[in-house]
Amino acid sequence: YCMINPQVTWHSEQNVRAEEGCLSIPDHYAEVERAREIKVSYLDRDGAAQEIEATGLLSACIQHEIDHLDGILFIDYLTPLKRNIILRKMKKLKRQQS
C-alpha cells in the first residue's frame with residue numbers, strides 16, 4: 001500500500017497483543033498492544049482520497065508505520081524497564097561496531 005498522510009479515523013475498542021520488531025531496532029522484539037481493527041483514510045499516489053478497513057496483521061502493520069510518521073517506535077509502548085534494556089543493548093552493539 002502507498003498511503004499519503006494516513007489517519008486512523010476509527011479503531012475498535014478491542015485490542016490484541018502481538019510480538020513486534022522493527023528494522024530501526026534490529027534483532028529486538030516485544031509484545032505490543034494495538035487496536036484489533038482500524039479504518040484509515042489517506043491519499044493514494046494519484047492524490048485521490050481512499051479509505052481502508054484493516055484487521056489482524058495488516059491493522060498492526062499500518063498502526064506501526066503510522067507511529068513511525070509520528071516519531072513513535074514500538075519500544076515506546078514498553079515499560080521503562082524493558083525499553084531501557086533494549087536501548088542499553090543497542091548502545092553496546094553500536095560501541096562494538098565502532
Number of positions in segment 69-98 that are open to solvent by 60 Å² or more (accessible area, probe 1.4 Å) and either touching a Ser or Thr at 6+ places or on another chain (Cβ under 9 Å) or among the small types (Gly, Ala, Ser) (or both): 2
Residues located in segment 1-22, provided they are open to solvent by 60 Å² or more (accessible area, probe 1.4 Å) and modelled with pLDDT of 95 or more: 4, 5, 7, 8, 9, 10, 11, 13, 14, 15, 17, 19
Residue in segment 27-49 that is open to solvent by less than 80 Å² (accessible area, probe 1.4 Å) and part of a helix (DSSP H, G or I) present: no
Qualifying residue in segment 2-23 (condition: touching a Phe, Trp or Tyr at 6+ places or on another chain (Cβ under 8 Å), touching a residue at least 40 places away in the same chain (Cβ under 8 Å) and outside any strand (DSSP E or B)): yes
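The values are calculated or read from the model by the stated rules, or taken from the named source; none is laboratory data. Quantities reported herein were computed from a predicted structural model and do not represent experimental measurements. For neighbour counting, all protein chains shown are included, and Cβ atoms are generated from backbone atoms with ideal geometry for every residue, glycine included. Only protein heavy atoms, including side chains, enter the accessible area calculation; ligands, DNA and RNA are left aside. Shrake-Rupley method; radii C 1.70, N 1.55, O 1.52, S 1.80 Å.
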